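See below for the structure under consideration.
The values are calculated or read from the model by the stated rules, or taken from the named source; none is laboratory data. Everything quoted here is computed from the prediction, not taken from an experiment. Because the Cβ atoms are built from the backbone with ideal geometry, glycine has one as well, and the counts that use them run over all protein chains shown. For the accessible areas, the whole protein counts, side chains as well, though only heavy atoms, and no ligand, DNA or RNA atoms are used. Shrake-Rupley method; radii C 1.70, N 1.55, O 1.52, S 1.80 Å.
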Amino acid sequence: CVFSSPELKDIQFIRSNYYNKLEIARFDSNLGKYVGYTEFGVKQANYWNSNPSYIAGLKAQREAYCLNNVGI
């Protein structure tokens with residue numbers, strides 16, 4: 001979570017996926033989708049982005065996880 005203020009609209013949830021210490025894809029709650037950084041990561045990002053329930057669950061993590069940890 002990236003905090004710029006304690007308000008939910010200003011909190012950014014980021015989930016990165018790594019393989020062999022190389023970031024292959026990242027979910028960014030501000031974009032609302034995965035972005036791939038390698039050839040394999042782009043394929044995985046397209047696969048994950050095609051599942052609306054999975055993306056909705058990740059978007060909900062911003063409120064469920066980040067908002068509860070603002071004070072930590």
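When the residues of region 33-72 are narrowed to those that are part of a loop (DSSP other than H, G, I, E, B) and closer than 18 Å to SER4 by Cβ, which ends up least open to solvent (accessible area, probe 1.4 Å)?
Applying the filter and picking the extreme gives VAL70.
Based on this model, can you work out whether GLU23 counts as acidic (Asp, Glu) and part of a helix (DSSP H, G or I)?
no
Just to be sure I understand the filter: pairs with C-beta atoms under 6 Å, separated by 6 or more residues or on different chains, first member in region 40-51 and more than 15 Å from ARG15 (Cβ to Cβ), second member open to solvent by less than 80 Å² (accessible area, probe 1.4 Å). Which pairs pass?
So the pair list comes out as PHE40/ILE24; VAL42/GLY36.
Which residues, taken from region 1-49, are closer than 15 Å to ARG62 by Cβ, modelled with pLDDT of 90 or more and of a type in the set (Asp, Glu)?
Matches in region 1-49: ASP28 only.
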